[in-house]
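Coordinate-derived values only; no laboratory data. This is a predicted model, so every value here is computed, not measured. In this analysis, Cβ positions are derived from the backbone assuming ideal geometry, glycine residues included, and neighbour counts consider all displayed protein chains.
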Amino acid sequence: MLSTTIVHVCARCGSERLRKNGHAINGAQRAKCLDCERTFILQPRGVRYAEPFKAQVLAAYQDRMSIRGIQRTFGVCYKTVMRWLGGKSGSSARLQGHALAQRAG
Ligand SMILES: [Zn+2]
């Protein structure tokens, strides 16, 4: 039988003195460092979308595809797309681009 042991350490100070500290909203185990009192997720999920896929989605947006259409086609939440666009609202990013075009013209 093959078994592995995972030793969790504090994300800030590297200490192994950790205590369970409830769960994140997605159900992931949270921990608290007993030395520096930092709280963090033990095993973060990490990157969900690869960069080429993200570029493909943003290219679809540049081709005037609606954010809701992107959600239907690619299966990416519209809020995620808006976050990738760098603002609270994707339409405001589009409007900013429009305003810049008007200013230049
Ligand atoms: Zn610590």
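Each peptide in 58-66, 33-41 receives the mean, over its residues, of other Cβ atoms within 10 Å, and ordering these scores from highest gives 33-41, 58-66.
I need the calculated FRET efficiency for the pair Arg38 and Thr5, taking r as the beta carbon distance and R₀ as 25 Å, to the nearest 0.05. Write down the numbers at each step before the final one.
On the way: r = 23 Å, r/R0 = 0.91.
Efficiency, from the Cβ-Cβ distance: 0.65.
Near Tyr78, within a Cβ-to-Cβ distance under 11 Å, what is the net charge of the other residues, with Lys and Arg +1 and Asp and Glu -1? In short, +4.
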